[in-house]
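Comments concern the structure below.
The values are calculated or read from the model by the stated rules, or taken from the named source; none is laboratory data. Quick caveat: nothing in here was measured; it's all calculated off a predicted structure. Note: ideal-geometry Cβ built from the backbone for every residue, glycine included; neighbour counts use all protein chains shown.
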Protein chains: 2
Amino acid sequence: MAVITILGAGAMGSALTTPALRAGHEVRLWGTWLDGDILAELRAGRPHPRIKVPIDPAARLLDAAELDAALSDSDVAILAISSEGVIDVLERAVPFLRSGMPILMTTKGFGHDATGRVSLLPALLEATLPPALRKRCPLVAMGGPCKANEVAVARPTATLYASADEAEAVNAASLLATPAYRIATTADVAGLEASAALKNVYAIALGVADGLGELGGEPWHNLKAAIFAQAVAEITRIAQALGGRADSAIGLAGVGDLEVTGLSGRNKLFGMRIGQGEAASTALAAMEEVGQTVEGVAAARFAAELARERDLAGLDLLAAIEALLDGAGEPAGLLGDAVLPGRGAPAWT
Amino acid sequence: MAVITILGAGAMGSALTTPALRAGHEVRLWGTWLDGDILAELRAGRPHPRIKVPIDPAARLLDAAELDAALSDSDVAILAISSEGVIDVLERAVPFLRSGMPILMTTKGFGHDATGRVSLLPALLEATLPPALRKRCPLVAMGGPCKANEVAVARPTATLYASADEAEAVNAASLLATPAYRIATTADVAGLEASAALKNVYAIALGVADGLGELGGEPWHNLKAAIFAQAVAEITRIAQALGGRADSAIGLAGVGDLEVTGLSGRNKLFGMRIGQGEAASTALAAMEEVGQTVEGVAAARFAAELARERDLAGLDLLAAIEALLDGAGEPAGLLGDAVLPGRGAPAWT
């Protein structure tokens, strides 16, 4: 039995209490300064407001001010913070981390490194650690198709853990695996991280196809499937440019996660609004007003910057998504011309 | 302008009249002895009974007895017949084919060759041709994510044509491409054919996950995504065993077609019934009684036979689908244990 501290009481952080408890551990769920309302609901015995399912009361709930108590004598930290907040939270946690403590992370996205180049999060987190902890707290990235509400109620889930030293991923997996929450491992951190961040980007385009269908009253499944195939190809190309392997992009972390992200979730919903005729800026503002961050938007900007920085060719769908975000064209034409074969053919619209 | 004869007035054959007409050709749609009711509806100006959309009356409709007239002076034949009937129809058509006439085929599936081994359809069709036509009528396989109802109304569609001599696929593509119906080409006939036939098999499993969700009132998206990723891996492995390339399996013909087939269609619906608790044999009988052939069932049996014949390992999901068809276990347990990582873990159910 270990002590497992989950930092972040959002959807995924809260959901992970289920496998952690069922695997027999002491579990602490720490809420950030933005999670106060969530903890209040959970303390009142009500369902988690984001994922609408109850969280096992055996998880000890800790407030933002109790970071010390949350991490004291803990064996494992799980960072389950949004990409905008994760560096900040890690900096605050540093005084309470000890050498050798594994840091698992569900956060996905990109950032800029010290030289201003686009980087995946694990390198940025590593750089945040003080020299005494750097390379001593093994970082384990968590990916794969995991809707938080299903993890929380122990519906069967396949996930992938990655660490530069795969043995660290195997250790983490042996702590957290349950009969319903099953974990594969890999050493391909870049492949997992790139796939996980990019699936949010391409889910926007899948959502646009669904929105076009809603608008016309008939599905546009053929276009959605063509978008899906092109998305897999572009995720593979970008993952490889970041040092990742193709087999991660066409496995659970890429294809699998893209499939589930294209079925539901905020990125897909944002895309649907665009497909139904709303301007991207209007749709984004409306969603942010009700507290719904669309992580794929920031990730799309980073991915486009990365493509320019590394001179990556053939990312036509990414370019179309960027144009959609800029309001520079109509959705059906932009996406169709980006994913349909036959370059030089007349525009299909 | 060419004369294009489509053999088979089912969903896909009828749908292909749209791009063929819009590309400016004379189009003949020949119905088999099973298509009489369809032709009667079309002649009465009513929508196609299977895909519920109108077919352009500019296509000339021909009855089963008019095969001679259908193929007389025709430039291209498109075989759009179910896998059970395709050899029979080709045999009847042989007297009216001429050397050099391209034969395109939408039919997907497996059969047995003269030595009793499992084979893809193009080799079986080739063997059906008399010596004077063999290797002289270029065979072009058509694949990729094409729902027939969308092709028929010219919603944007990406498709893939394959021929052993890719130039023949390019020729066919240049005849049939329109702004909405766009065609990529490849020389990888085996990769396209294997992917196209197998997507029907694995769509059954995707349907089971949806059925489990219906049964419980909450989606099982995580399991569905894990099934999807495993399906892509197994399609790739089988396609390679048949001499196909991995890039076909992870492109339009594999991943793309699997995505669309998992959204709707008979194979998915059959799987849903199993997921909702119906025995496979009962569900199949009920669907066949209303004339709904589930092509994935026969293809699953062939694929399993192929796996044994060639000693292919690691096809756990295919084995689970075969067990489902045999009624040898309950769906959630069979599929979960086939696709969730962590072999040797306790069964998740």
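Quick notes on this structure:
- Any hit, region A:2-10, residues being free of Cβ contacts under 8 Å to residues at least 40 places away in the same chain and surrounded by fewer than 18 Cβ atoms within 10 Å (Cβ to Cβ): no
- The set of residues in region A:274-283 that are in contact (Cβ under 8 Å) with a residue 40 or more places away in the chain and surrounded by fewer than 22 Cβ atoms within 10 Å (Cβ to Cβ) comprises A:GLN276, A:GLY277, A:ALA279, A:SER281.
- Total residues in region A:1-35 satisfying the condition of being over 21 Å from A:ARG98 (Cα atoms) and hydroxyl-bearing (Ser, Thr, Tyr): the figure is 3.
- Some residue of region B:203-224 being away from every other protein chain (no Cβ under 13 Å) and either polar (S, T, N, Q) or surrounded by fewer than 22 Cβ atoms within 10 Å (Cβ to Cβ) (or both): yes
- Residue in region B:84-94 that is outside any helix (DSSP H, G or I) and touching a residue at least 24 places away in the same chain (Cβ under 8 Å) present: yes
- In region A:290-324, the residues that are free of Cβ contacts under 8 Å to residues at least 40 places away in the same chain and not in a helix (DSSP H, G or I): A:VAL290, A:GLY291, A:GLN292, A:ASP311, A:ALA313
Condition check ((1) touching a helix residue (DSSP H, G or I) at 6+ places or on another chain (Cβ under 7 Å); (2) modelled with pLDDT under 95; (3) acidic (Asp, Glu)) across all residues:
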position: A:LEU258; (1), (2), (3): yes, no, no
position: A:GLU295; (1), (2), (3): yes, yes, yes
position: A:LEU325; (1), (2), (3): yes, no, no
position: A:ASP337; (1), (2), (3): no, yes, yes
position: A:GLY344; (1), (2), (3): no, yes, no
position: A:ALA347; (1), (2), (3): yes, yes, no
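- Candidates B:LEU258, B:LEU263 - the one that is surrounded by 23 or more Cβ atoms within 10 Å (Cβ to Cβ) and within 11 Å of chain A (Cβ to nearest Cβ): B:LEU258
- Subset of region B:110-164 [assigned to a helix (DSSP H, G or I) and not β-branched (Val, Ile, Thr)]: B:LEU121, B:PRO122, B:ALA123, B:LEU124, B:LEU125, B:GLU126, B:ALA127, B:ALA148, B:ASN149, B:GLU150, B:ALA152
- On the stretch given as region A:249-289, residues that are of a type in the set (Ser, Thr, Tyr) and in contact with a Gly (Cβ under 7 Å, 6 or more places away or on another chain) total 1.
- Taking first residues from region A:224-244 that are closer than 20 Å to A:LEU120 by Cβ and partners that are of a type in the set (S, T, N, Q) and surrounded by 22 or more Cβ atoms within 10 Å (Cβ to Cβ), the Cβ contacts under 7 Å between residues at least 6 apart in sequence or on separate chains come to A:ILE235/A:SER195; A:ALA239/A:SER195; A:ALA239/A:SER248.
- Among residues of region B:154-177 being facing chain A (nearest Cβ under 8 Å) and over 20 Å from B:SER195 (Cβ atoms), the one that is surrounded by the most Cβ atoms within 10 Å (Cβ to Cβ) is B:PRO156.
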